[in-house]
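The next block holds one structure in the form of structure tokens; read it before the comments.
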Ligand SMILES: Cc1cc2nc3c(=O)[nH]c(=O)nc-3n(C[C@H](O)[C@H](O)[C@H](O)COP(=O)(O)OP(=O)(O)OC[C@H]3O[C@@H](n4cnc5c(N)ncnc54)[C@H](O)[C@@H]3O)c2cc1C
Ligand code: SF4
Ligand code: SF4
């Protein structure tokens, strides 16, 4: 973890560091510099002290091999088959940057009925156009587009990705960068290349426009930046330019974007909504193991098992079995409430029930106010007796 401290013996109170902190975090008190709570550990002040009185310890950063990342990508935003102007603007800028890195510019277009856009993108400077043309990409969705882009970036490994700072681009770019755990600089106004380090120098206004900050992303790839429309001028289009066009196979939307988490129907047992008899357990059942006692009674009666919310919240029973305001509304002929207090939110799930039987060890439990039959006692003792009795009658 990064840290900063002032070495008091070395500090002469010259105040040079005070002005160097963009966050106003340094003050000189009694001729000694003091770092205040506004410090963001940005490290800007370290160079300012000639007396080496600022002890700044940076985070150790694991060195990664980034050499397999090559090329510049432009997310070429389109709407209903028409390119957004920022796509051409960014493609032209990318061409300029690519010359410094000696790499290609690839424009990536996602959508439906968009194959014709490749010509325009090549004319505006793209060397290659990757097109994913499928009906389910017709309308922009930041999650779906983001996941497609993430898969493509993982496969093709571009070193730079430029995205227009349109409303779509502003939601797409952070989805990609946060998932890929890489840097993103929003609303850049200047983009340049540090040839030696192969770094994208991303300049944007900072501190309310009071200074221009140049941001780099040295340890992760791709380097990502968004740029507002009209910041860069597109190059003069050259429709005689040749480029490569690659039609990508779209993943199946069901497999890629819909994940089956649980098969609720199969875990239900007898559906609560269809049951004539429900034996429902509350917190008074005591433990998950004791639910078996209620299950045995339900089986003996040919009924279903229900639960109050705390039982579900504890993970003792699935949510599909919860009765109440935020669970299911049930209308069995007989409802047997076992260790359930009868809170209003639970009772909200009981519709038009002929007979309510309540088992509770508290004679004042509210459930008894709505119950037709009240059994005061320990549910763990009463349930086996009831089951036994039903079995005998049968
Ligand atoms: C917005 C909202 C929505 C909600 N939706 C729901 C909902 O859909 N369904 C739902 O159930 N709740 C819901 N609740 C929660 C609700 O308010 C109650 O907290 C809940 O119903 C209480 O569940 P319980 O009766 O199992 O537990 P408790 O209220 O703790 O009652 C346990 C009962 O067991 C008795 N008992 C203890 N030991 C024994 C024993 N050995 N033998 C016999 N009896 C014993 C106690 O006397 C007590 O009456 C909701 C709450 C909120 C705020
Ligand atoms: S610049 Fe160095 S010596 Fe001067 S006040 Fe700051 S910490 Fe102290
Ligand atoms: S590390 Fe950054 S924020 Fe903290 S005192 Fe130095 S310049 Fe200010």
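Within the listed set 316, 73, 136, the residue fluctuating most in the Gaussian network model of the chain (springs between alpha-carbon atoms under 10 angstrom) is 316.
Looking at the chain as a GNM with Cα springs under 10 Å, which of 104, 321, 242 has the largest mean-square fluctuation? Evaluated over the chain, the most mobile residue of the options is 321. Figure legend: label point modelled 7 angstrom from the Cα of residue 292 along Cα→Cβ; residues of the stretch 344-379 with amide N under 19 Å from it are 379. Placing dummy labels 7 Å off each Cα toward the beta-carbon, the span from residue 207 to residue 40 is 1.1 nm. Ordering 58-68, 181-191 by mean Cβ neighbour count within 10 Å, with the highest value first, yields 181-191, 58-68. Computed from the C-beta positions of residue 68 and residue 5 and an R0 of 35 Å, the FRET efficiency is 0.35 to the nearest 0.05. With all projection directions averaged, the alpha carbon convex hull of the chain covers 31.2 nm². Computed from the C-beta positions of residue 80 and residue 313, the FRET efficiency with R₀ = 51 Å rounds to 0.65. Here residue 220 and residue 343 are evaluated by their C-beta separation; at R0 = 45 Å the FRET efficiency comes out at 0.30. Anisotropy class assigned to the stretch 41-172 is prolate, per the alpha carbon gyration tensor with a/c at or over the 1.5 cut-off and a/b larger than b/c.
Identify which of 22, 234, 174 has the largest mean-square fluctuation in a Gaussian network model of the chain, with springs joining Cα atoms closer than 10 Å. Highest fluctuation of the listed residues: 22. Normalised by the residues of the chain, what does the relative contact order come to in percent, with Cα pairs under 8 Å and at least six apart? This gives 11 percent for the chain.
Placing dummy labels 7 Å off each Cα toward the beta-carbon, the span from residue 235 to residue 155 is 2.7 nm. Over the stretch 264-393, Cα pairs under 8 Å with separation of 6+ residues give a relative contact order of 24 percent. Annotation for residue 370 and residue 20: the two label points, set 7 Å from Cα along the Cα-Cβ direction, are 7.0 nm apart.
Counted residue by residue at 0.36 nm each, then reduced by the alpha carbon distance between them, the extension gain from residue 195 to residue 354 reaches 49.1 nm.
Read-outs throughout are calculated quantities, based only on the coordinates presented, and are distinct from any laboratory measurement. Just so we're clear, the structure is a prediction, and the values are computed from it rather than from any experiment. Glycine gets a Cβ as well: all are built from the backbone with ideal geometry, and neighbour counts include every protein chain shown.
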